[in-house]
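Undergrad: Sharing a structure below in structure tokens format, with a few things to ask.
The values are calculated or read from the model by the stated rules, or taken from the named source; none is laboratory data. Just so we're clear, the structure is a prediction, and the values are computed from it rather than from any experiment. When we count neighbours, we look across all protein chains shown, and the Cβ atoms used for this are built from the backbone with ideal geometry, even at glycine. Note: areas computed on protein heavy atoms with side chains; ligands, DNA, RNA excluded. Shrake-Rupley method; radii C 1.70, N 1.55, O 1.52, S 1.80 Å.
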Amino acid sequence: MLPLRYLRYWQITSVVILSLVLAAALMPAVWFWGDMNSGMAWFKGVDKWLHGLTFTVLSLWFAGLYQRQSYWRVAIGLLVFGLGIEFCQRMVGYRTADWLDVSSDIVGIVVGFAIAINGMGGWSLRVERHIAESRT
């Protein structure tokens with residue numbers, strides 16, 4: 001991890017974020033979209049886009065907390081998390097596992113780390129620096 005002053009807060013926030021993503025992934029889809037004739041159901045690929053967007057955001061989040069040479073480890077961890085989500089969805093009767101969801105997760109991870117490598121990585125250090133400057 002990066003040498004962060006508020007490391008414990010970043011770690012707790014990371015666990016909360018991952019827990020919320022897992023909880024959202026395991027909630028019945030009808031809670032979000034209603035029946036298939038209303039809500040976002042008109043957009044057939046919405047689930048894949050949400051997986052990609054979620055994993056882009058997760059990649060950017062963790063790219064802000066880890067050094068660039070650790071990105072590949074974080075990427076593998078996020079992939080395992082995505083596979084775990086699909087496994088859990090398979091275990092509940094009201095969700096289904098889908099390999100295309102994992103593909104969308106991978107695309108999101110690649111996009112997120114590509115953005116991080118091009119300037120967004122290490123953002124948490126900049127946030128902490130801003131907090132320190134605002135306190136003086």
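Undergrad: For GLY112, indicate whether it is surrounded by fewer than 12 Cβ atoms within 10 Å (Cβ to Cβ) and either touching a residue at least 60 places away in the same chain (Cβ under 8 Å) or not acidic (Asp, Glu) (or both).
TA: Details: surrounded by fewer than 12 Cβ atoms within 10 Å (Cβ to Cβ): no; either touching a residue at least 60 places away in the same chain (Cβ under 8 Å) or not acidic (Asp, Glu) (or both): yes.
Here the answer is no, as GLY112 does not meet what is asked.
Undergrad: Then there's this: Going residue by residue through the range 115-126, is there one that turns out to be open to solvent by less than 60 Å² (accessible area, probe 1.4 Å), out of contact with any helix residue (DSSP H, G or I) (no Cβ under 8 Å at 6 or more places or on another chain) and touching a residue at least 60 places away in the same chain (Cβ under 8 Å)? Reasoning before the result, please.
TA: Going through the range 115-126, the residues open to solvent by less than 60 Å² (accessible area, probe 1.4 Å) turn out to be 116, 119, 121-125.
Going one step further and asking which of them are out of contact with any helix residue (DSSP H, G or I) (no Cβ under 8 Å at 6 or more places or on another chain), we end up with 119, 125.
Of the ones still in play, those that are also touching a residue at least 60 places away in the same chain (Cβ under 8 Å) are 125.
Within the range 115-126 (the criterion being open to solvent by less than 60 Å² (accessible area, probe 1.4 Å), out of contact with any helix residue (DSSP H, G or I) (no Cβ under 8 Å at 6 or more places or on another chain) and touching a residue at least 60 places away in the same chain (Cβ under 8 Å)), the answer is yes, since at least one residue qualifies.
Undergrad: If you don't mind, there's one more thing I want to ask. Please tell me if GLY84 is open to solvent by less than 40 Å² (accessible area, probe 1.4 Å), modelled with pLDDT under 95 and closer than 20 Å to LEU100 by Cα.
TA: Numbers: open to solvent by less than 40 Å² (accessible area, probe 1.4 Å): yes; modelled with pLDDT under 95: no; closer than 20 Å to LEU100 by Cα: yes.
Judged against the criteria, GLY84 is not a match.
Undergrad: Among TYR94, TYR66, TYR71, which is the only one that is farther than 20 Å from TRP10 by Cα and aromatic (Phe, Trp, Tyr)?
TA: Numbers: TYR66 fails: farther than 20 Å from TRP10 by Cα; TYR71 fails: farther than 20 Å from TRP10 by Cα.
TYR94 is the lone residue from the list that is farther than 20 Å from TRP10 by Cα and aromatic (Phe, Trp, Tyr).
Undergrad: Is it the case that some residue within the range 33-52 is at pLDDT 95 or above, open to solvent by less than 70 Å² (accessible area, probe 1.4 Å) and over 17 Å from GLU86 (Cα atoms)?
TA: Among the residues of the range 33-52, not one is at pLDDT 95 or above, open to solvent by less than 70 Å² (accessible area, probe 1.4 Å) and over 17 Å from GLU86 (Cα atoms), which makes the answer no.
Undergrad: Taking the range 93-106, which residues are at pLDDT 95 or above and surrounded by 16 or more Cβ atoms within 10 Å (Cβ to Cβ)?
TA: ASP101, VAL102, SER104, ASP105, ILE106
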